[in-house]
Amino acid sequence: MEKNKIKFIIDFDSTFIKLEALDELFNISLSSGSSKKNALKEFEDITSKSMNGKLSFSESLSSRMKLIKADRTHIEKLIKLLSRKISASVFRNKLFFKKYSEDIFIISGGFREIIVPVVSKFGIPAKNVFANTFTFDKAGNITGFDISNPLSKDNGKIEQLKKLGLTGELYVIGDGYTDYELKEAGIAHKFFAFTENVEREIVSSKADHITPNLDEFLYLNNLPMSISYPKNRIKVLLLENIHPDAVSIFKDEGYQIETVSKSFDEKELCKRIKDVSIIGIRSKTHISREVLDNANRLIAIGAFCIGTNQIDLGTALGKGIAVFNAPFSNTRSVVELALAEIIILMRKIFDKSNQLHNGVWDKSASGSYEIRGKKIGIIGYGKIGSQLSVLAEDLGMDVYYYDVIDKLALGNATKCNTLYELLKKCDVVTLHVDGKKSNTDIIGEKEFKSMKEGAVFLNLSRGHVVNIESLVRYLKNGKISGASIDVYPYEPSGNDEQFVSMLQNIPNVILTPHIGGSTEEAQKNIGNFVPSKIIEFINTGNTFYSVNFPEIQLPQFQNAHRLIHIHENVPGILAQINNILASHNINIIGQYLKTNEQVGYVITDIKKKYSQNVIHDLKKIPHTIKFRILY
């Protein structure tokens, strides 16, 4: 697109800046007091009516100016404030404004005294700013505005643009009804409704295109951007009631967000994932090979939990899709629940409470025990099991653990060489293993039979690792004196589905609906951790904490373009990448490589000027899985 062929007509209030400048001037000029809130609301209501086309601009301006009691010192304060309130996408695209400064015109119903000092920092000349002007008395107090200025009147923007007589195509970017009127009057060729700060339905409905930010406008018109892809085009699907913090973080990044309170089955997920770039799930949603085959635009998967067995990690990796989880965020919550349930089961508190609810007073110490001095057996000594080990020992328990991987004992914990050694010794047995298929029914008939008489059993890991029929049998014959189960072989997809289990209505059995990690603290931690890692991956290529990609922590890149090449791990790919770069006389600023058994991950930083043929050639390298450019 040639320079000077298009002229850009840009609004100031709620477009170039995040707010309405005149509203802020009124706010600054008001003294604090009980009436300030009401005065502000009255002023803002007048502004809103004008922006939505429900009040003529001239009436709105006159009404607001009658309310303002401000002077030059207030204007100076406002300019300092507005310099910090530039719209985010405007601020990050400073180079666009400087490059096309002569073709950019600010036409606003606001005031030059406010606008010129703000936009001049972006290279926009004062001669290209058309706005109202204040009138002042000798003391510097605002007395009104220049009523002869066409921009103070209805259809003022139309008259001003006619007077300018600009040639070429005129593109208008704004948030208000008066911006749309330029297109309606036939003066402007296209109107782009800018919705980054405020969206007015009546304005958006009349736009040639809704542009959630300046990046989208630049992308649509093939103009230079400061980022490689408009963030509003990155669609995020969050399932299973993921914490609002995650929604806010993704939204602040500029992504499209869709939230659903339940999980989807495979068929529904295949339909819903087609245009999704990021999906966030918890434990109930299964992302299978078939789902991934339908995920045409998927970049990353967020498991808002510890486990990732519900995701086909290998297929995701083969498609260049990074998976991130929250390995530490809810461990404390699970551990606290386990400890609470051990005490409740050892004291038979659950049954005592139910009896009392039914009017039965059973004050008895029979079958009620302290946990101090009891032996706890922890199966799975990972992040949760090891933390439980420390806290259980602090409460006076003797800790034993078993893990298929050699793990260092914490505190005075004793390692058991076999599962059966642990089962025979311990008064309490608690499961904290991962959900891989090989762990199916690791606790069944033989294992329950090997436990101590009257042992207490807990499963807060995955439902399929315990044979429920065997557990029920040993609960009913008294070999297992109590159990607490948080996970099940089949779990309802949402809160509206009925739960049915053989474990229901058995004495001294606590059933909880997979809430081991469901505390406000844990969900908040997860809701912050997982999005931050996904966003970092998308923005910089970092794969640190990814559960399937080669882990690499990259430095920040500046004044460069970052080329990300994901490929099958076969010999010679790095050499081919570098040969292509060399053939185009491109100097490498920085390069990073990490591989695993399945893929290679090459990140190359190069200077910004290069032929697009380079990109074509890199994408055509055999065994390429995915290629991205970041800047």
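If a residue counts only when it is buried (at least 17 other Cβ atoms within 10 Å of the Cβ) and in contact with a Leu (Cβ under 7 Å, 6 or more places away or on another chain), which strands (runs of 3 or more DSSP E) contained entirely in region 210-320 have at least 2 such residues?
It comes to 278-281.
Is it the case that region 317-329 has a residue that's under 21 Å from the mean Cα position of the chain (by Cα), at pLDDT below 95, closer than 20 Å to F537 by Cβ and of a type in the set (A, V, I, L, M)? Within region 317-329, one or more residues are under 21 Å from the mean Cα position of the chain (by Cα), at pLDDT below 95, closer than 20 Å to F537 by Cβ and of a type in the set (A, V, I, L, M).
To keep it simple, each residue is scored yes or no on (1) more than 30 Å from I242 (Cα to Cα); (2) within 32 Å of the chain's Cα centre (by Cα); (3) crowded, with 21+ Cβ neighbours inside 10 Å; (4) of a type outside the set (D, E, K, R).
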position: H464; (1), (2), (3), (4): no, yes, no, yes
position: E469; (1), (2), (3), (4): yes, no, no, no
position: K476; (1), (2), (3), (4): yes, no, no, no
position: K479; (1), (2), (3), (4): yes, no, no, no
position: A483; (1), (2), (3), (4): no, no, yes, yes
position: P492; (1), (2), (3), (4): no, yes, no, yes
position: S501; (1), (2), (3), (4): no, no, no, yes
position: Q504; (1), (2), (3), (4): no, no, no, yes
position: V509; (1), (2), (3), (4): no, no, yes, yes
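Count of region 168-189 residues, restricted to those that are touching a Gly at 6+ places or on another chain (Cβ under 7 Å) and within 20 Å of L220 (Cα to Cα), is 0.
Is it true that T512 is out of contact with any Gly (no Cβ under 6 Å at 6 or more places or on another chain), hydroxyl-bearing (S, T, Y) and at pLDDT 95 or above? In short, yes. Taken residue by residue, region 499-517 has no member that is more than 26 Å from F448 (Cβ to Cβ), out of contact with any helix residue (DSSP H, G or I) (no Cβ under 7 Å at 6 or more places or on another chain) and either assigned by TED's automatic domain parsing to the domain that holds G463 or not basic (K, R) (or both).
Quick check on this structure: which one of D23, D13 is crowded, with 22+ Cβ neighbours inside 10 Å and of a type in the set (D, E, K, R)?
D13
When region 41-60 is filtered for residues that are among the small types (G, A, S) and either in contact (Cβ under 8 Å) with a residue 40 or more places away in the chain or not in a helix (DSSP H, G or I) (or both), the ones remaining, listed by number, are S50, G53, S56, S58. Looking at this structure, is V198 modelled with pLDDT under 95, touching an Asp or Glu at 6+ places or on another chain (Cβ under 9 Å), buried (at least 22 other Cβ atoms within 10 Å of the Cβ) and in the same structural domain as D13 (by TED's automatic domain parsing)? No; evaluated as a whole, the condition is false for this residue. For region 244-279, a residue qualifies if it is acidic (D, E), within 21 Å of A322 (Cα to Cα) and touching a His at 6+ places or on another chain (Cβ under 9 Å), and exactly one does: E266. Of all residues in region 339-360, those that are of a type outside the set (A, V, I, L, M) and free of Cβ contacts under 8 Å to residues at least 24 places away in the same chain total 8.
Of the residues making up region 29-52, those that are surrounded by 15 or more Cβ atoms within 10 Å (Cβ to Cβ) and either over 20 Å from I114 (Cβ atoms) or not aliphatic (A, V, I, L, M) (or both) are S29, F43, E44, T47, S48, K49, S50. Taking the criterion of being charged (D, E, K, R) and under 33 Å from the mean Cα position of the chain (by Cα), the residues of region 150-189 that qualify are D175, D179.
With respect to the conditions (1) on the phi < 0 side of the Ramachandran plot; (2) of a type outside the set (D, E); (3) surrounded by 14 or more Cβ atoms within 10 Å (Cβ to Cβ), K348 lacks only one, and its number is (1).
Determine if region 53-74 includes at least one residue that is of a type in the set (A, V, I, L, M, F, W, C), surrounded by fewer than 20 Cβ atoms within 10 Å (Cβ to Cβ) and under 21 Å from F8 (Cα atoms). Checked region 53-74: no residue is of a type in the set (A, V, I, L, M, F, W, C), surrounded by fewer than 20 Cβ atoms within 10 Å (Cβ to Cβ) and under 21 Å from F8 (Cα atoms). Selection within region 181-198: residues that are free of Cβ contacts under 8 Å to residues at least 24 places away in the same chain and of a type outside the set (S, T, Y). The member of this set that is nearest to S48 (Cα to Cα) is A193. Inside region 365-400, residues that are closer than 24 Å to N417 by Cα and among the hydroxyl-bearing types (S, T, Y) make up a count of 4.
The values are calculated or read from the model by the stated rules, or taken from the named source; none is laboratory data. Source: prediction; values computed, not measured. Here Cβ is always computed from backbone atoms with ideal geometry, including for glycine, and neighbour counts include all displayed protein chains.
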